[in-house]
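Remarks on the structure that follows.
None of the figures in this text is laboratory data; all of them are computed from the coordinates on show. Only a predicted model underlies this, so the values are computations on that prediction, with no experimental measurement involved. Don't worry about glycine lacking a Cβ; one is built from the backbone with ideal geometry, like all the others, and counts go over all protein chains shown.
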């Protein structure tokens, strides 16, 4: 040995016939399909993105942690890993179709290392093998191709049973659904004496029928003569079938038995995979193998339908989780079966709204001794924002304390995105302005809203471990900066030129039916930005507050004239136009202060850009 770090200094995890990974004391590594994994196996669709993690606390112990929260099986020496397992000797791992050899430091270069579990390892090609024991001689394994070639017998009886299945699956709880399922199977398999739904349970959990790391629980059962009690549990047969993910028929004492796995609703990938549940059928009739094979095919069909129903329920729960964050338009675009790929980050032209509460600091001080009350008030404020965002078809991308980020233009291109974002922004500002009564949860709160339109990346953004559906890029940053200008500019809603131009274009195309108005505010350079931005205010139509604005169209036109003169360097003209401007309009203070500071004279080299240091 040269003394340089090598395999002998750490534990080695090697893919059979492929790459290997060395883990030394103090290190932690990940294994799975993801490109971010330290040991990547992209060719196995049954592996999770991060299937498991390994770490070494000291030179003698390797810790293996299931990275799927139990959704996808991981086996160590034939036993399923539930959470964490600690190794001090060589071992064999199985995940999906992939097999791994684990070697401790002392054995890293020893080709004679003995790996336990070489025979009958879960999912290996030896049909009928088991990590717990050996099946009876004559056991038959049925894969999908074999079952497809099996002739259907007694079709009337079986069709009648399958026709009852939808009603059984609609039963809301397992206490009634599982017995009904067993009764259905008993009716469809004429020679069966007993039928059961079986499931793995961890050692020590209630319901385990035998001791061991993978005991089997009878979840429910039904028999021709229930006075005989529940059926005997063929432990080896059930474990072998669930491990292989395939149906297995085996002779048993006084008859026959077969198990058909129910594919896990949360398993990733396709094809056979280890399962945690199955359907057990037992009988004593000496019918030939063709009849038994037909029974296996029928029960396999039922198992597929049960699995599909479970998967559909899981997808519905996923969709229900997404609904609070996505508007109906986005959910429709994703379809009835949300595909994670549809949420992948994508470049788009987005309109982004950044909305921040004003008055939060003062309120938080007042309610520092009553945090639940503070939370209730902030939640009410955020609810106003999200209601208007969803109403306008936007996606709420994030909550940042007392602020909300929303966007339009993803997952499908939307040319009306700027108008929708502007509408939501103005309505949010109007809602806060309307709720000033002392007893209202929004009393004391004001709002600043920035709206920007431009290139962005939107979708599922984050890490493998945690992500959110949001928007990222310079346009999102600009929306935040524009919100910061609401204070200095003395207006509630500020937008960039792209948004303002889109709203004006929509007004022109609709003959003035767009219930928004745009007022130029000038060209500014926001804090922490190098480029200048032409900014405008978004306002509702003229009318009584809060649904409308007291400023008339003439007032806005005169103010736009003052801004144009100010930008062009004709400050005397700008001051003259502002002389008869309504005193209640606070926006004019922004120009008046600068006109006064310069004594109504533009400075030498004036470029029309106002530098704003405050955010």
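Per-structure values
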quantity: FRET efficiency for residue 463 and residue 490, using Cβ-Cβ distance with R0 set to 45 Å, rounded to 0.05; calculated: 0.65
quantity: Mean-position separation - Cα centroids, the stretch 219-251 and the stretch 62-100, in angstrom; calculated: 26
quantity: Square roots of 5 times each gyration tensor eigenvalue, C-alpha, the stretch 7-107, largest first, Å; calculated: 19, 14, 12
quantity: Full-stretch length increase - residue 163, residue 530 - with 0.36 nm per residue and alpha-carbon distance subtracted; calculated: 125.2 nm
quantity: Residues listed by number, the stretch 168-189, amide nitrogen under 16 Å from residue 285 label point at 7 Å toward C-beta; calculated: 184-189
quantity: Translational diffusion coefficient (Stokes-Einstein; Kirkwood radius from C-alpha pairs) of the stretch 433-564 at 10 °C, 1.306 mPa s, in µm²/s; calculated: 95
quantity: Extension gain, residue 228 back to residue 440 (0.36 nm per residue minus Cα-Cα distance, nm); calculated: 69.5 nm
quantity: Ascending count of other beta-carbon atoms within 10 Å, so fewest first, for 599, 86; calculated: 599, 86
quantity: Burial ordering of 277, 80, fewest other beta-carbon atoms within 10 Å first; calculated: 277, 80
quantity: Highest to lowest packing among 569-579, 499-509, scored as the average C-beta count within 10 Å; calculated: 499-509, 569-579
quantity: Least to most buried among 353, 260, 563, 150 (fewest other Cβ within 10 Å first); calculated: 150, 563, 260, 353
quantity: Alpha-carbon centroid distance for the pair the stretch 556-596 / the stretch 366-431, whole angstrom; calculated: 32
